[in-house]
1. How many of the residues in the stretch A:211-247 are at the interface with chain B (Cβ under 9 Å from one of its Cβ atoms), among the β-branched types (Val, Ile, Thr) and touching a helix residue (DSSP H, G or I) at 6+ places or on another chain (Cβ under 8 Å)?
2. Over 30 Å from B:Ser72 (Cβ atoms), open to solvent by less than 10 Å² (accessible area, probe 1.4 Å) and at the interface with chain B (Cβ under 8 Å from one of its Cβ atoms) - does that describe any residue in the stretch A:129-141?
3. Inspect all residues belonging to the stretch B:97-112 and state whether any of them is out of contact with any helix residue (DSSP H, G or I) (no Cβ under 8 Å at 6 or more places or on another chain) and at the interface with chain A (Cβ under 9 Å from one of its Cβ atoms).
4. Quick check, is A:Ser68 within 14 Å of chain B (Cβ to nearest Cβ), part of a helix (DSSP H, G or I) and surrounded by fewer than 18 Cβ atoms within 10 Å (Cβ to Cβ)?
5. Is it the case that the stretch B:73-82 has a residue that's closer than 22 Å to A:Thr120 by Cα, more than 14 Å from every other protein chain (Cβ to nearest Cβ) and assigned to a helix (DSSP H, G or I)?
6. If a residue must be over 21 Å from the mean Cα position of the chain (by Cα) and open to solvent by less than 40 Å² (accessible area, probe 1.4 Å), how many such residues does the stretch B:71-124 contain?
7. Here are some conditions: (1) hydroxyl-bearing (Ser, Thr, Tyr); (2) more than 9 Å from chain B (Cβ to nearest Cβ); (3) assigned to a helix (DSSP H, G or I). A:Thr198 meets all but one. Which one does it not meet?
8. Looking at the stretch B:133-158, which of its residues are more than 7 Å from every other protein chain (Cβ to nearest Cβ), part of a loop (DSSP other than H, G, I, E, B) and of a type outside the set (A, V, I, L, M, F, W, C)?
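The values are calculated or read from the model by the stated rules, or taken from the named source; none is laboratory data. Note that this is a predicted model, so its numbers are computed, not measured. Counting neighbours? That spans all protein chains shown, and the Cβs are built from the backbone with ideal geometry, glycine included. Areas reflect the complete protein model, heavy atoms only, side chains present, ligands, DNA and RNA absent. Shrake-Rupley method; radii C 1.70, N 1.55, O 1.52, S 1.80 Å.
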Amino acid sequence: MSTRRFALFILLVAIVGLFLSPFAWLVIVALKDPSELAALHWLPEHPRPGNFVEAVTSIPFLGYARNSLMIAGIYSVLVTLTSAWVGFGFARLSAPGKRILFTILLATMMLPQIITLIPTYLIFSKLGMVDTYWPWVLWGLSGAAFLIFLFRQFFANMPRELEEAAVLDGCSYPRIFWSIFVPQSWPVLAASLVLSFTWSWGDYVGPVLLLSADRTTLPVAIATLYTNPQGIPSNNLLAAGSIIYIVPVLALFLFAQRGFVAGFSTSGLK
Amino acid sequence: MTASPLTATAGAPSRVRPAAASPTTKPARRGCRRAGAFYLFVAPWLVGLIGLTVFPLGYALWLSMTNSDGLSPNARFVGLRNYRELLSDPQTLQVLARTGLFTAVTVPATIVGGLFLALLVNRPIPGRAVFRTLLYLPAVVPPVAASLTFKLIFDRDTGAANALLEAVGVKPVTWLTDPFARYVLVMLVLWGCGNCMIISLAGLQDVPRELHEAAMVDGASTWQSFRRITVPIISPVLFFQVVTGIIAALQTFLPPVLLAPTAGATSDVKALPQGNTLYMVHVYAQYFNSARFGYASALLWVLFVIILIVTALIFKVGARTVFYGVDPKEGDR
């Protein structure tokens with residue numbers, strides 16, 4: 001290694017250390033004894049792995065985890081299927097008005113989600129859908145602009161020969177989509193599932209607005225419930241709970257890294 | 001349409017070739033069936049667009065001209081009163097200015113930071129795949145967990161930040177209140193710049209190596225070759241980050257709320273440090289703390305229009321400065 005390359009390596013190690021230090025602090029706090037929470041202790045004297053158990057048992061953690069899992073599962077499966085379906089339309093079919101619709105699709109990628117969220121909440125509450133999973137079903141069924149775009153890019157690059165014979169045989173487009181294109185696109189399907197699952201797993205405002213306290217999701221529970229009987233936040237449990245909450249996302253990310261990166265590079269609209 | 005340069009990059013509409021008409025089917029009928037099929041396929045998105053985007057926006061527009069409190073059924077139409085009030089409300093204007101400043105600081109900082117990291121991990125160094133992964137990791141952490149982590153680090157009595165200060169002999173700081181809360185927020189945003197890194201990295205990998213080699217032969221410095229070759233080639237990717245970054249920054253809501261020193265902070269966003277009361281926080285407070293649904297809807301619509309104008313302006317500037325022309329796939333379509 002040349003000196004220059006070595007210096008670069010050291011610089012990167014330092015930056016990575018800086019980037020990972022918040023995680024380190026999270027782990028340190030998660031292992032502390034309650035008695036060490038009142039003043040600063042760099043390291044816990046007697047690390048307490050039991051905090052992780054307490055974080056799960058002192059609040060109905062598993063119930064909230066199940067809610068999170070249900071919502072993220074419903075949303076990610078539906079939004080992936082719908083986005084693939086719509087993406088196929090944009091990639092493989094044409095009709096008058098398609099150009100303008102595609103421009104609108106791209107524009108909605110730029111459209112602020114949160115701006116529609118509060119009026120949507122009012123509408124859902126009038127429809128009696130507050131405190132149900134229906135909003136996530138509806139959001140899932142209408143697809144997500146970014147994922148539609150992802151699928152469109154992928155489908156548009158598939159060879160025309162794939163569907164030609166099927167078209168000649170009079171095969172319907174839904175059939176072509178389902179039996180020819182979907183089986184070929186598992187990398188994008190996986191990327192889309194991981195991305196949408198992660199979004200939904202991380203979403204906070206949606207559940208806060210739309211779900212009652214006992215039907216809510218893990219992030220809301222973690223942010224609000226870890227307090228001791230005096231109402232003071234139990235930071236060690238908060239940290240332990242947060243770690244348990246983060247780990248599935250990090251694991252999913254490490255597992256599906258390629259899909260993530262592929263998704264994000266396409267989002268650069270190269 | 002604001003998105004036209006984007007469409008050009010994606011090569012969108014022209015890209016889809018009609019399948020060759022077969023001799024056995026009449027072209028006209030085929031075209032008709034394909035059009036029907038197209039609408040069958042885009043229908044779910046189109047219905048969602050109308051029901052979940054256009055209609056809520058319209059509903060907010062109507063609400064913004066009433067004095068609705070969200071509960072009582074007899075909301076009265078008040079015309080543009082909410083908008084007039086908004087324009088003369090010093091608090092709203094202050095929040096707006098603060099959000100503009102926040103955007104002007106965090107968007108360039110994350111893009112430049114991300115690009116810097118991308119340049120580093122694009123070099124041939126041992127273990128660069130590991131470096132990429134680790135630098136990207138914070139960007140994957142859900143915002144709630146990231147905010148809570150920073151809250152633990154910057155806790156006044158028990159946080160690592162003050163411990164470090166003490167170790168070097170500086171007096172501890174109450175980080176999570178004014179005036180320091182805003183710096184914590186910016187640091188939190190910067191922690192996630194791995195997102196920008198990944199996007200820039202994808203752009204950098206498209207830069208043909210021969211161009212840099214040729215420039216080196218011609219005696220260009222590293223900086224010159226970065227400035228004249230790399231930046232123009234990755235400019236569409238940078239441009240994309242500017243657009244999405246600004247839109248996201250203008251709507252920042254969760255991190256400032258969760259960083260607040262009070263526990264379970266969403267119940268009272270008014271207790272936030274002033275420096276972190278960004279626009280969306282203000283909107284939320286008007287809705288749920290003051291039950292001023294009409295006024296809050298007007299605030300939402302103003303933000304929406306601001307975002308539209310800003311996006312249109314960036315696209316206008318971008319059309320002149322962004323360099324599209326390296327994608328060989330674009331040429332023949």
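1. Residues in the stretch A:211-247 being at the interface with chain B (Cβ under 9 Å from one of its Cβ atoms), among the β-branched types (Val, Ile, Thr) and touching a helix residue (DSSP H, G or I) at 6+ places or on another chain (Cβ under 8 Å): 5 in total.
2. no
3. So far as the stretch B:97-112 goes, no, none of its residues is out of contact with any helix residue (DSSP H, G or I) (no Cβ under 8 Å at 6 or more places or on another chain) and at the interface with chain A (Cβ under 9 Å from one of its Cβ atoms).
4. no
5. Yes, the stretch B:73-82 has at least one match.
6. Matching residues across the stretch B:71-124 total 9.
7. (2)
8. Correct list: B:Asp155, B:Arg156.
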